[in-house]
Structure formats: C-alpha cells, structure tokens
1. Restricting to segment 98-128, and then to whatever is surrounded by fewer than 19 Cβ atoms within 10 Å (Cβ to Cβ) and either of a type in the set (A, V, I, L, M, F, W, C) or within 30 Å of GLU325 (Cβ to Cβ) (or both), can you tell me which residue is modelled with the lowest pLDDT?
2. Which condition number in (1) among the small types (Gly, Ala, Ser); (2) modelled with pLDDT of 70 or more; (3) buried (at least 17 other Cβ atoms within 10 Å of the Cβ) is the one that GLY455 fails?
3. Here are some residues: ILE420, ILE390, ILE407. Which one is at pLDDT 95 or above and assigned by TED's automatic domain parsing to the domain that holds LEU350?
4. Quick one: in segment 224-257, of everything that is basic (Lys, Arg) and under 17 Å from ASP192 (Cα atoms), which residue is farthest from the chain's Cα centre (by Cα)?
5. Quick check on segment 65-79: of everything there that is surrounded by 15 or more Cβ atoms within 10 Å (Cβ to Cβ) and not small (Gly, Ala, Ser), which residue is nearest to SER175 (Cα to Cα)?
6. Are there strands (runs of 3 or more DSSP E) fully within segment 62-153 with at least 1 residues that are within 22 Å of the chain's Cα centre (by Cα)? List them.
7. So is ASP344 surrounded by fewer than 19 Cβ atoms within 10 Å (Cβ to Cβ) and without any contact (Cβ under 8 Å) to a residue 40 or more places away in the chain or not?
Amino acid sequence: MPYSNSNAAELYNQNMSVLAVAEDVLQKYEPVIGLEIHVQLGTKTKIFCGCPVEFGAAPNTNVCPVCLGLPGALPVLSRQAVELAIGAAVALHCRVNPFSRFARKNYFYPDLPKGYQISQYNQPLAEHGYLDVFVDGTKKRIGVTRVHMEDDAGKSIHDGFKDSDRYSYVDLNRSGTPLIEIVSEPDMRTSDDAYAYATAMKQVMQYIGVSECDMEKGQLRCDANVSVRPRGTEKFGTKAEIKNLNSFRFLKMAVDYEIRRQVELVESGGRVEQETRLYNVDTGQTVGMRSKEHAHDYRYFPEPDLVPLQVSEHWLHQVASALPELPQDRRDRFMNEFGLREYDAEVLTLTRAVGDYFEEAVKASSDGRATANWVTGDLMGLLKAAGKDITESPVSAANLGELVALINKNELTGKLAKEILPKMFETGDSARAIMEREGLKQISDTGALEAIIDGVIAANPKQVDQYKSGKTAVLGFLVGQVMKASRGQANPGALNELLRKRLG
C-alpha cells in the first residue's frame, strides 16, 4: 500500500495506544530533549572546492578530486560558507570565536569517499547562544550549545526488496556540500517544545538567507536526543538519539513515541540503552540502528590540510551589520509601529518575502492595519487558490497599497474593492486602471444617489412603512438594496445621510 500522511497518523495513533502507559505514570517522568539541526549553507560551490552545489544534477557529475577524496587533493575553505555560518551564529546570539579549528571525524560510510568528515570538534566556530520560541503562547528560551561547520557526505540510494534483486547506488554530488550543525542545550521538555524550536530555527535561517531549508531536498535535517528522568531529579537519564528526521511532523511523532517507549521500559524494570535509533514512518515506531558512538570512536584529530580559521572583529562586524531584521524583532515592530494584532504580525513575518511585500504596500497606502487585513485575508486567499507564493503575486505591493488608499479617500467602497482585487490579480492592472476602464468609481454625486434611493423607496413600500413606524433596524435592509442597485458604488456615508433624510 502506498505510504501517505494519513497512514502515518493512523499508525502513530495505534502505537500510542499499544504503548499503554497511563497518563499518571507518564507524569512521574520528565522528558529531556535536545536537537541537532544540520543546515545546508546556500553557497554556489562546495565548502572545500569549486564544484557547484546543484540539486537534481545527473549522479556523480558535480565532483572533482577534492570532494572525491582522491590522494594528493587539498581542500580550500570557501569564504562564502564561513560568512553564512557567521551570520547564522550571530542570528542565534552566539559568541563567535576569533579562533576555531577544523578536525577529521573518522568513520566509514559507503558514500563518504575520504573515509572521514571534515568537521569541527573542541574548537567550534561559535558557542553559547539561544533561540526564543513560543509554545502555547508562552515564550521559552532554548540554549544553543554550539554552531560548527562541516562538509556533507554523499548519498546512498537503495533499490529492490528481495536479497537477490537488491542494489545500492552511490551519488557523490552532495559530498563536500557545506553544512552547519546547530546543537541545542537539553532545554526542551515536550515534543511541542521541539517542534516550536525546529520551526523557529528554519524560519530564522531562511530569513537571513543562510539556507532555503527545503527539507525535501535535504537542506535541513534533524536529530533528536531523548531521555526521561523522574520528576524533581537533576541527573539526566540515558539518552537515545533519533537520526535523520526529515519533517517537523515526524519529529514530534518520533519524540512522543520515544518518550512513551522509555517510560514503559523503565517502569517494567528495564534499562534504556544509549543507542542511535531511526523513526520508521511506515510503522510509526523508533527502531534500534546501532549502539551510540562516543567522541573517541571517531578518533578526532586536527585537520592537517587546513589552517585554523580566524575571524577578526572587523570581519564579524561586516557580516553582522549586513544581516536583515530577525523575525521576532520584525513582529514586535509591526505591532508597535502599525498597531497590528499579534496574529496578523505573525502571519506577515512568516517569511521575509511576505514582510517585505507588506511594508512596500504600506508605503503606498499609509494605513498599516487596513493593508494587513487585505494582505492576510483577500490576497493570501487568491494566492492559495492559484498555488502561488507572495513573490509570484500578480498584484504588486504598490498596487495593493493604492487599492487601500482609494478606499480611505472614499473613491472606492470596500465592497467594490473586493470586486476589483480579483480583476487586479487576473490582469496585473492597478485598481485605478480597472475603475476607469469598467466605470467602477464610487458614486458620491447627490443627484445620482437620490435617484437610486428614490427607486429603492418606491420598490419597497412595506419596509419604508416599517421604518416610519419605528422599526429603524430595517434601515440596514434599505441601505443594502441601494448598494445592490448601485453595484456597490454608492458612497456609504453619503448614502446613509440621504436615505435618512428621504425617509423623514
């Protein structure tokens, strides 16, 4: 049966019921969770050579002696990769070390051609940062232990199911792609904390242009370290690491399952083994992969072919000053500067492109709150229906701002604007151009409005009598009839005043 998200959810629910740990038993234990997030840096070339970083290229075409690990080939560190890594560290409020060193991490994978990974060990690029996240409306600060640079391995592709018909292929195009590994402190206590942290991390990395973080392309990957301990104790329990989680939804499901598995194991008198596990999306379970390695298993030693990395104060300042406003700072500013609700500010800062569009539209409208309503409501509805991103919007930010300004100047009613916006989306034309072409200007002329009102009064004698007898609520009906007769073009303020006058 083909795998689907609904299958995963069903299996997850089944496994949660199979792991029959009563809620009061679960509450006896406190989960301790830390995440290791690998982010592919958005460079044009690999970290130690000039091969292009290109997703979807023919296998083993973007390779050279350096990323193939051929004898005698020497690595040369990419300046762009370092600057992106520094930017990420600054955005996470880390201390960027003026002196850091690369190291060889030795292990064997079929898709690791050198037989070692060039990483950083005890002298990383940056340390001691944090990321603020919101869980159920409450702010929580998650510590960042370190940010270090490394190169990626290649990719193994497995084909076939029967032993006699099973093949594995190796594509080394990804080998040497620049990564940063962001290691959190064990500050998370629920799967919701982990989900919020990973989501916020992705948003920050995208916002500052460090990476596109497309998880389907492997540009962001996550490992979760999970342990449990009796509530009120300080000593950590034995942790299990869940490797290669490629969606935040699966991260949450895997953490929840692992917490229950460990609690059930401890309660039954067993012992949690320190190991590496995988989350099987087809069964909804974590399964053992191998015993957990320790640092000495990798036989780290300084990389002899690379000089230590030195980051001067001047270079650090250059990179930091070029960073854009961070998402949380932008949310706070939108609320303070434009009087937006927290929800609207959050939607408008989901991506940097949406925030930029909104601010450009406000320049033309001079009305932040009204512009926010049009962007988050009508425009995003049209974009969603068309399967488009804000960067592909046929309605330019300036044109949307003009639409809001026309409403505020009483040249256009809100009802008529809702009719015009889809036409703008379809044609790319401005609101004023469509108004001129289709005769959709607001009617404010007293004579023209009186003629429409007289027609409505004549056509609705029963409602007119009700109004005159004291049932003033019927005025809304009559206003609606005038708006309908005018195709939504009647000036609402003038219409109400003239209608009341006509009704005596």
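The values are calculated or read from the model by the stated rules, or taken from the named source; none is laboratory data. Treat the numbers as computed from the prediction; the structure is a model and nothing was measured. Note that we place each Cβ from the backbone using ideal geometry, even for glycine, and neighbour counts take in every protein chain shown.
1. The qualifying residue modelled with the lowest pLDDT is PHE108.
2. (3)
3. None of the others qualify; the one that does is ILE390.
4. LYS252
5. Restricting to residues being surrounded by 15 or more Cβ atoms within 10 Å (Cβ to Cβ) and not small (Gly, Ala, Ser), the top hit is CYS67.
6. Strands (runs of 3 or more DSSP E) meeting the threshold: 126-135, 138-151.
7. Here the answer is no, as ASP344 does not meet what is asked.
So that you can scan it fast, the table gives a plain yes or no per residue for (1) part of a helix (DSSP H, G or I); (2) surrounded by fewer than 14 Cβ atoms within 10 Å (Cβ to Cβ); (3) basic (Lys, Arg):
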| position | (1), (2), (3) |
| --- | --- |
| GLN262 | yes, no, no |
| VAL287 | no, yes, no |
| VAL307 | no, yes, no |
| TRP315 | yes, no, no |
| VAL319 | yes, no, no |
| LYS363 | yes, yes, yes |
